[in-house]
Amino acid sequence: MNLATILYKKGPKNKKVFLYFNQQEYTFEDAEKRSSSIANYLQANGIKPDDKVAIISGNRPEFIFSYFGILKVGGIVVPVNPLLTPFELSYILEHSDTKFVIYDDQLKPKLQHIKINSLAMGQISSLEYKPFIPLDRNDHDVAAILYTSGTTGRPKGAMLTHKNLLSNIKSVSKAIQCDEKDKFILVLPLFHSFGATVGMLTPINLNASIILLPRFTPESVLESISKQKGTVFLGVPSMFSLLSMVKEEEIAGFDLSSWRFCISGGAPLPTAVLEAFERKYGVMIYEGDGPTECSPVTSVNPIGGKRKIGSIGTPIPDVKMAIMDDNCNLLPPGSEGEIVVKGPNVFKGYYKDEQATKESFCGEYFRTGDIGKMDEEGYFYIIDRKKDMIIVNGMNVYPREIEELLYKIDGIKEAACIGKPHHLHGEIPVCYIVIEEGKKVDIKQINQELRKYLAPYKVPRSIEIVESLPKTSTGKISKVLLREKVLGKQS
């Protein structure tokens with residue numbers, strides 16, 4: 001079944017408000033018509049089933065219309081972070097074999113070097129409308145390719161099928177106990193798997209509504225709850241931290257009576273942040289988790305049920321999770337090992353990377369790269385990341401990507417980057433470099449060079465020159481020892 005069918009079945013003559021954005025309202029019928037206009041335009045411009053079409057944009061209604069327009073014509077959606085540099089954008093568009101780009105008009109200067117047919121979102125409202133029935137798709141046909149950083153520093157394209165996404169939104173719909181009366185406050189980026197699956201696809205599946213915010217501020221979230229009667233807020237830890245800092249007298253000016261609960265994901269939620277938020281608002285946060293490769297949701301604390309603070313909850317319906325050792329042996333409750341997942345939500349593989357796909361599985365189980373444990377009641381806990389990934393505001397940053405750029409700079413002998421805990425962003429990247437004897441480097445110039453190739457959230461907050469970096473017995477730079485040394489605690 002084509003994923004686009006979830007909107008197509010609800011759209012015709014459905015006058016219910018589906019989407020709130022700034023001062024605008026769109027019904028399900030509006031969304032269905034806009035997506036059909038885009039599908040017709042793409043087809044007229046030669047887009048065929050399995051062709052890749054990129055969406056480069058922040059949160060705006062046209063992102064959603066484009067997403068479904070691409071699916072209708074049988075295309076594969078390639079959502080791209082608009083904060084990426086031209087260098088990073090070019091890699092993803094080339095690697096994914098993108099045939100067409102739909103972009104936010106404000107990004108035009110950044111995309112001038114890209115020689116691919118394109119459509120600016122400002123033109124969508126003027127496209128001719130004709131009904132477009134979604135083309136038939138097999139469950140195992142790819143619906144979207146989401147790029148997630150790999151340990152090599154180069155992004156990998158996770159192929160999610162129509163079945164992967166359909167199964168995950170149905171499982172999430174059951175797990176979070178929402179219905180058509182709910183209004184989801186969506187400020188998470190639509191190009192991110194959490195925002196797309198839980199914030200966009202799930203409400204559509206439920207015939208619920210979306211309050212779409214272009215960017216996060218505590219005031220905009222509170223105002224959307226007060227004015228549009230939002231019920232469910234989806235966020236990452238830094239958002240809850242900022243919300244907990246709002247003064248009581250400011251909160252008193254908002255009617256928050258419709259607010260039911262919150263879901264946190266994307267990064268571990270500090271207990272202190274959860275407690276401060278819940279003291280202030282009296283609204284519970286339920287923590288969940290899941291990697292992009294799992295569409296992405298794998299677990300969440302039971303909504304309205306037993307919640308365990310510090311846990312990522314229990315597996316959602318139709319998803320199985322376990323703990324394995326390095327030899328792919330299942331471990332009993334209480335044991336520490338790698339969290340693995342299997343189910344209809346697990347991706348098809350990495351685009352054009354069979355080796356990475358093979359290495360990411362233990363039999364039928366996908367290896368998340370997270371070290372964790374499961375208790376006797378089936379609740380899972382993340383202890384640490386097996387890989388060296390840094391999570392900034394829920395977005396993945398791999399140190400190797402930064403390090404490879406540092407090693408290209410004349411005078412740098414060694415480089416190592418780690419994540420430093422941050423009260424607002426979860427973590428921030430910090431780097432340590434060793435300079436070649438007799439050479440000099442300028443930290444300001446190094447930062448300027450990195451900004452040419454890295455999105456702002458990936459740029460190190462600090463670069464420190466050190467005499468040496470800690471090594472393992474085999475002479476490799478040890479991130480574990482480096483963290484112990486500079487952060488004063490075990491990684």
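The values are calculated or read from the model by the stated rules, or taken from the named source; none is laboratory data. Owing to the predicted nature of the structure, the values given are computational and were not obtained by experimental measurement. Cβ sites come from the backbone with ideal geometry, for glycine too, and all protein chains shown count toward neighbours.
Remarks
- For region 72-109, a residue qualifies if it is surrounded by fewer than 22 Cβ atoms within 10 Å (Cβ to Cβ), over 21 Å from E449 (Cβ atoms) and among the small types (G, A, S), and exactly one does: S96.
- Among the helices (runs of 4 or more DSSP H) confined to region 377-491, the ones with at least 1 residues that are buried (at least 20 other Cβ atoms within 10 Å of the Cβ), at negative phi and touching a Gly at 6+ places or on another chain (Cβ under 6 Å) are located at 399-407.
- First in region 413-426 and assigned by TED's automatic domain parsing to the domain that holds Y398 and of a type in the set (V, I, T), second anywhere and assigned to a strand (DSSP E or B) and modelled with pLDDT of 90 or more, Cβ under 7 Å, 6 or more apart: I418/V430
- When region 93-147 is filtered for residues that are among the basic types (K, R) and more than 23 Å from A44 (Cα to Cα), only K110 remains.
- Region 395-451: number of residues that are farther than 30 Å from P268 by Cβ, over 29 Å from the mean Cα position of the chain (by Cα) and of a type in the set (D, E): 4
- Filtered residues of region 15-38 (kept if surrounded by fewer than 18 Cβ atoms within 10 Å (Cβ to Cβ) and touching a residue at least 40 places away in the same chain (Cβ under 8 Å)): K16, V17, N22
- Residue in region 78-88 that is of a type in the set (S, T, N, Q) and either over 30 Å from D179 (Cβ atoms) or under 19 Å from the mean Cα position of the chain (by Cα) (or both) present: yes
- Residue match in region 164-175 (condition: under 18 Å from V78 (Cβ atoms) and either surrounded by 23 or more Cβ atoms within 10 Å (Cβ to Cβ) or outside the structural domain of L450 (by TED's automatic domain parsing) (or both)): yes
- Only one of S295, S241, S258 that is closer than 30 Å to Y350 by Cβ and of a type outside the set (A, V, I, L, M): S295
- Members of region 305-363 found to be over 29 Å from I263 (Cα atoms) and in contact (Cβ under 8 Å) with a residue 60 or more places away in the chain, listed by number: Y351, K352, D353, A356
- L242, sole failed condition from (1) under 22 Å from P296 (Cβ atoms); (2) in contact (Cβ under 8 Å) with a residue 40 or more places away in the chain; (3) of a type outside the set (G, A, S): (1)
Conditions (1) within 18 Å of M395 (Cα to Cα); (2) aliphatic (A, V, I, L, M); (3) in contact with a helix residue (DSSP H, G or I) (Cβ under 6 Å, 6 or more places away or on another chain); (4) free of Cβ contacts under 8 Å to residues at least 12 places away in the same chain, marked per residue:
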position	(1), (2), (3), (4)
L127	no, yes, yes, no
G157	yes, no, no, no
S171	no, no, no, no
A175	no, yes, no, no
V187	yes, yes, no, no
S193	yes, no, yes, no
I210	no, yes, yes, no
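Residues checked against (1) more than 30 Å from S360 (Cα to Cα); (2) in a helix (DSSP H, G or I); (3) in contact (Cβ under 8 Å) with a residue 24 or more places away in the chain; (4) not assigned by TED's automatic domain parsing to the domain that holds Y407:
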| site | (1), (2), (3), (4) |
| --- | --- |
| I55 | no, no, yes, yes |
| F65 | yes, yes, yes, yes |
| V77 | no, no, yes, yes |
| L83 | no, no, yes, yes |
| E94 | no, yes, no, yes |
| K115 | yes, no, no, yes |
| P131 | yes, no, yes, yes |
| I145 | no, no, yes, yes |
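- Residues of region 8-29 classified as of a type outside the set (D, E, K, R), under 14 Å from I64 (Cβ atoms) and assigned to a loop (DSSP other than H, G, I, E, B), total: 1
- Any hit, region 28-42, residues being in contact with a strand residue (DSSP E or B) (Cβ under 9 Å, 6 or more places away or on another chain), assigned by TED's automatic domain parsing to the domain that holds T202 and among the polar types (S, T, N, Q): no
- Region 96-113 - residue that is in contact (Cβ under 8 Å) with a residue 12 or more places away in the chain, assigned to a loop (DSSP other than H, G, I, E, B) and out of contact with any strand residue (DSSP E or B) (no Cβ under 6 Å at 6 or more places or on another chain) and, of those, farthest from L405 (Cα to Cα): D104
- Subset of region 257-302 [of a type in the set (G, A, S) and touching a residue at least 12 places away in the same chain (Cβ under 8 Å)]: S258, S264, G265, G266, A267, A276, G288, G290, S295, S299
- Filter pass, K115 being among the basic types (K, R) and more than 23 Å from the chain's Cα centre (by Cα): yes
- Screening region 307-335 for residues that are over 22 Å from the mean Cα position of the chain (by Cα) and closer than 17 Å to T271 by Cβ and picking the one that is surrounded by the fewest Cβ atoms within 10 Å (Cβ to Cβ) gives I309.
- Looking only at region 352-363, residues that are in contact with a Lys or Arg (Cβ under 9 Å, 6 or more places away or on another chain) and part of a strand (DSSP E or B) come to 1 in all.
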